[in-house]
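**Q** Have a look at this one before I ask anything.
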Amino acid sequence: MEKNLAKPIEQRFQEEGNKKILTTSSAFGILRKGLIENLGFKRAKGFLLRYGWNLGVSDAVEAMQTNTNIDFLIKQASILHLSTGHIGDIQSERFIEMKDADQIKSIHGKGKWIDSFEANEHKKHHGLSNTPTCHTLTGYASGYMSTICKKNIIVKEITCIAKGDAECSFEMRLQEAWGPEIQEELKYYHETNIIEELEYTYEQLLEQRNYIETVSKFHKKLTESVSNGSDLQEITDTSYKLLGIPISIEDLSFQKIVYAGLEEEEYLSLNQDLKENLLRKNRNSTHIQPHFNETTRLKTVNQERLITPIIVQRKVIGYCTFHYKKDTAKSSESEIMFIERVANAASLYLLNEKTSFEALEKMKGYFLEQILKGQYSSKDEIINRGRYMGFNFAAPFYLAALDFKEKSAVQENSKDSIEQIMETIVKFLDIQGIKALIGQYESRIVMLFPATTNLITNLEKIIRHLENRNAHYLYKIGVSDETLDIENILESLDESLIALRLSTDKKVIDFKELGIVGVLISSKNISGIKKIAKQELGSLYQLGDAKKTELIKTLYVFLANGGKLQQTMDELCLSMSGLMYRINKLEALMKKDLRDPAQSYQLLLILDSLLALGELEI
C-alpha cells in the first residue's frame, strides 16, 4: 500500500485522454452485480475500492490545477463528490493539525453519506449484507484526500444502510493513525495478479486434496479395524498410532470406557478436572452435567478437549474425545473430520455389539417364556437347550417377578415401558457380570437366576438402578423359594407372584418370609380360602368397595401392629375417637373380639391370603 500511494501523482495519472464519462446508477448497479457474481465479493470489493480511489485521485489532480491551498481543496471535496452522482448529500466534520501551511500533521474526520447509490443498488440486487458495501465512495474519499494532502489517508465505512444500519457513516484518519485496525482493509487497495491468485488457489486445492486423501486413508484404516473384529480399545489405539493425539471414549457421564495416549493417573486427573469445571458452570442447571449433541470444544485451565457424540440408533450414548494438555498444541478445524470418523467407527462397533447382545437376550427371554408356557416336551430338552444359552437347568435356581407402576396413578404397564425396563435390567446385569434369563409373563418381568447367596442384594441393586434411570415408577420384586427341578418352574412362578402381591412396604420380598401364608396360598386351595374369608369376615365382606376398603385397611393395619392403638393411629392418621369408632364397628360387623390373640392371628392370616390372591389391595 505504502509503495503504490507514495508514487508521485503525475506518474500515476496522465491528464491526456483522461475524459469523464456519464452513466446511470442502475447501469453501474448491474456492472457491480456482475463483478460480485463473477469475481466473488472480496475481489469485487478490491476492484471497486481501487476504481473509487482512481476517481478521487483524478478529481483531486484536476482541482489542484486551479488552487493548491489545502483548505480550499478540502472544501471542494464535498462539491466534487456530489457532482459524481454517487450520493444525494454529504455531512462531515474534520479536525486537522498542520505542520506548516502546506503539510498536515494529523487529520481526523467523521461524516455520513446520504442516499448512497451503491448501498441502494446492493440491497436491490443482493439484499442485506453482513459488511458495509459503499466501496466506491470509500475509495473515492481515500484517493482524493491522500492526493491533496500528499499523505496516505484512509477512509473507512463504519455503518451502512445495506447491512441494515440507519445510515452510511464513515471515519477518516492518516493510515498510521488507524494502526492494526486497518491492515486487513489495506489489502484491498493492492491489485492482485490473477495468475498469483490462481496459483494460490491451486495450492489450497492441492492442500485440501491431500487432506481429504489423508482423512480417507484414516477412515479406511478404522473401518478395516472394525471389520476385522477390533474392540473399542483397539480402535482407540489405532487412532492414537495414526494421529498421535491422545484419545478417549467415555459414557454420557464422562466415565471412562477406553483411552489411549495417556497414563492412567494423568487421565483420571484430567477427567476430574473436567467434571469439576462442568459442575461449576452448570450449578443453576437441572442437569449436573450437560449433554453434547454436536462436536464441541471444552476448555479448562489445565486442558482442552475436542469432543463429538457417539450416536447409536439416533441416541447419543457416549463421547469420543481428543485431549490437548496444557502448554501443548491446540485443536484445529481439520481435526474435526478425524474425530468424527473415530466416533463413526465406535458407533458401528457399538451398534454391532448392541444388535448381537439384544438378539441373544431376546432369544434367552423367548426361551424362558416358552418354558413358563410349557412348550417343551421334556426336562431333558430344556436342559439341553439351556446349555446353548449358558445355563445349567440341572442346578437349583430362583425365579423373581418384577412389577412397576406409575407413581402418579396406577395404570396398566405398557409394552414399550416393559421393553425399556427389560433392556435397562439386561444391560445392568451384563455390566455387573450377573447371569440371568429375563422374559415377560403377562404384564410383569420375570427373571431366572442360578442359586446364589447374594440374590436379594443383587435384586436390591437392580431396583436402585431402575430408580436412578427412571424415577417415575414404583418398583417391587417378589422372589420364589429355591427350586431344584426345572419341571417345578410354574410353582416357582406362583411363589414369586404371591411374594410380589404381599410386598406392601418392602421393595424386595422373599417367599420364605411369608411363612404359613405362603404355604397356604401355594396349596392352590383358592376356593377354600375365599369361603373361610367370607365366613370369618362376616358382613364386612359384603360391603361396597369404598367402605370395604376403608374398614378392611383399618383392620389390617390394627392387626399388623399387634393391636397397638398409637401406632395404628399414626399410620392411618386418625384420632383416638375415630380409630375406636372403626374398631367397634369392625367387631360388631364380624362379631369378633379383636383383642383375642387367636382370633386376631386368624384374621391377619386371612387378610394376607386375600392380598396374595389379589382379592384385596391395601
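The values are calculated or read from the model by the stated rules, or taken from the named source; none is laboratory data. A quick note: this is a predicted structure, and the numbers were derived from the prediction, not measured. Here Cβ is always computed from backbone atoms with ideal geometry, including for glycine, and neighbour counts include all displayed protein chains. When the accessible area is computed, the model is the full protein with side chains, heavy atoms only, and any ligands, DNA or RNA have been set aside. Shrake-Rupley method; radii C 1.70, N 1.55, O 1.52, S 1.80 Å.
**Q** Tell me, yes or no, whether the stretch 279-291 has at least one residue that is touching a residue at least 60 places away in the same chain (Cβ under 8 Å) and within 27 Å of Glu353 (Cβ to Cβ). Reasoning before the result, please.
**A** Residues of the stretch 279-291 touching a residue at least 60 places away in the same chain (Cβ under 8 Å): none.
Looking for residues that are touching a residue at least 60 places away in the same chain (Cβ under 8 Å) and within 27 Å of Glu353 (Cβ to Cβ), one finds none in the stretch 279-291, hence no.
**Q** Sticking with this structure for a sec: Ile418 versus (1) surrounded by fewer than 19 Cβ atoms within 10 Å (Cβ to Cβ); (2) at pLDDT 80 or above; (3) part of a loop (DSSP other than H, G, I, E, B); (4) of a type in the set (A, V, I, L, M, F, W, C): which is the lone unmet condition?
**A** So Ile418 meets the others, but not (3).
**Q** OK, next. Answer yes or no as to whether Glu191 is modelled with pLDDT under 85 and either within 38 Å of the chain's Cα centre (by Cα) or closer than 28 Å to Ser129 by Cβ (or both).
**A** On the way: modelled with pLDDT under 85: yes; either within 38 Å of the chain's Cα centre (by Cα) or closer than 28 Å to Ser129 by Cβ (or both): yes.
Yes; evaluated as a whole, the condition is true for this residue.
**Q** I'd like the full set of residues that are open to solvent by 10 Å² or more (accessible area, probe 1.4 Å) and without any contact (Cβ under 8 Å) to a residue 40 or more places away in the chain, limited to the stretch 136-158.
**A** Lys156, Glu157, Ile158
**Q** Do we find that Tyr388 is more than 29 Å from the chain's Cα centre (by Cα), among the hydroxyl-bearing types (Ser, Thr, Tyr), open to solvent by 20 Å² or more (accessible area, probe 1.4 Å) and modelled with pLDDT of 80 or more in this structure?
**A** Details: more than 29 Å from the chain's Cα centre (by Cα): yes; among the hydroxyl-bearing types (Ser, Thr, Tyr): yes; open to solvent by 20 Å² or more (accessible area, probe 1.4 Å): yes; modelled with pLDDT of 80 or more: no.
It is false that Tyr388 is more than 29 Å from the chain's Cα centre (by Cα), among the hydroxyl-bearing types (Ser, Thr, Tyr), open to solvent by 20 Å² or more (accessible area, probe 1.4 Å) and modelled with pLDDT of 80 or more.
**Q** Quick test of your reading of the structure: Ser83 fulfils all but one of (1) in contact with a helix residue (DSSP H, G or I) (Cβ under 7 Å, 6 or more places away or on another chain); (2) farther than 16 Å from Lys156 by Cα. Name the failing condition by number.
**A** Every listed condition holds for Ser83 apart from (1).
**Q** Also, quick follow-up: So which residues in the stretch 82-135 are open to solvent by less than 70 Å² (accessible area, probe 1.4 Å) and in a loop (DSSP other than H, G, I, E, B)?
**A** Of everything in the stretch 82-135, those that are open to solvent by less than 70 Å² (accessible area, probe 1.4 Å) and in a loop (DSSP other than H, G, I, E, B) turn out to be Thr84, Gly85, His86, Ile87, Gly88, Ser116, Gly127, Ser129, Thr131, Pro132, Thr133, Cys134.
**Q** Here are some conditions: (1) at pLDDT 75 or above; (2) open to solvent by less than 30 Å² (accessible area, probe 1.4 Å); (3) in contact with an Asp or Glu (Cβ under 8 Å, 6 or more places away or on another chain). Lys512 meets all but one. Which one does it not meet?
**A** Status for Lys512: all satisfied but (2).
**Q** Mind checking which residues of the stretch 588-604 are within 60 Å of the chain's Cα centre (by Cα), aliphatic (A, V, I, L, M) and surrounded by fewer than 18 Cβ atoms within 10 Å (Cβ to Cβ)? Step through it out loud before you land on a result.
**A** From the stretch 588-604, those within 60 Å of the chain's Cα centre (by Cα) are 600-604; that's our starting set.
Of the ones still in play, those that are also aliphatic (A, V, I, L, M) are 603-604.
If the condition is that a residue be within 60 Å of the chain's Cα centre (by Cα), aliphatic (A, V, I, L, M) and surrounded by fewer than 18 Cβ atoms within 10 Å (Cβ to Cβ), then Leu604 is the only one that fits.
**Q** Further question: Does any residue of the stretch 51-58 turn out to be under 14 Å from Trp113 (Cα atoms), surrounded by 21 or more Cβ atoms within 10 Å (Cβ to Cβ) and not acidic (Asp, Glu)?
**A** Residues of the stretch 51-58 that are under 14 Å from Trp113 (Cα atoms), as a first pass: none.
Scanning the stretch 51-58 turns up no residue that is under 14 Å from Trp113 (Cα atoms), surrounded by 21 or more Cβ atoms within 10 Å (Cβ to Cβ) and not acidic (Asp, Glu).
**Q** Could you please find all residues in the stretch 449-494 being more than 24 Å from Lys427 (Cβ to Cβ), not in a loop (DSSP other than H, G, I, E, B) and not charged (D, E, K, R)?
**A** Within the stretch 449-494, Thr483, Ile486, Asn488, Ile489, Leu490, Ser492, Leu493 qualify.
**Q** Moving to a separate point now. Confirm whether Leu31 is in contact (Cβ under 8 Å) with a residue 40 or more places away in the chain and of a type in the set (A, V, I, L, M). Reasoning before the result, please.
**A** Details: in contact (Cβ under 8 Å) with a residue 40 or more places away in the chain: no; of a type in the set (A, V, I, L, M): yes.
When the stated conditions are applied, Leu31 does not pass them.
**Q** When you scan the stretch 248-281, how many residues do you find that are acidic (Asp, Glu), farther than 15 Å from Thr236 by Cβ and open to solvent by less than 40 Å² (accessible area, probe 1.4 Å)?
**A** Step one: of the stretch 248-281, the residues acidic (Asp, Glu) are 250-251, 263-266, 273, 276.
From the residues that got through so far, the ones that are farther than 15 Å from Thr236 by Cβ too are 265-266, 273, 276.
Checking the rest, the ones that are also open to solvent by less than 40 Å² (accessible area, probe 1.4 Å) come to 273.
Of the residues in that region, 1 qualify.
**Q** All but one of (1) at pLDDT 85 or above; (2) under 20 Å from Lys241 (Cα atoms); (3) in contact with a helix residue (DSSP H, G or I) (Cβ under 7 Å, 6 or more places away or on another chain) hold for Thr300, so report the exception by its number.
**A** Status for Thr300: all satisfied but (2).
**Q** Between a residue in the stretch 540-563 that is in a loop (DSSP other than H, G, I, E, B) and any residue that is open to solvent by less than 20 Å² (accessible area, probe 1.4 Å) and modelled with pLDDT of 80 or more, which pairs come within a Cβ distance under 6 Å, given they are 6 or more apart or on different chains?
**A** Asn561/Thr568
**Q** Shifting gears a bit: Only one of (1) open to solvent by 20 Å² or more (accessible area, probe 1.4 Å); (2) farther than 22 Å from Asp89 by Cα fails for Lys163. Which number is that?
**A** Condition not satisfied by Lys163: (2).
**Q** Which members of the stretch 423-448 meet the condition of being part of a loop (DSSP other than H, G, I, E, B) and open to solvent by less than 30 Å² (accessible area, probe 1.4 Å)? Spell out how you get there, then give the answer.
**A** First, the residues of the stretch 423-448 that are part of a loop (DSSP other than H, G, I, E, B): 433-436, 442-443.
Selection gives Ala436 alone.
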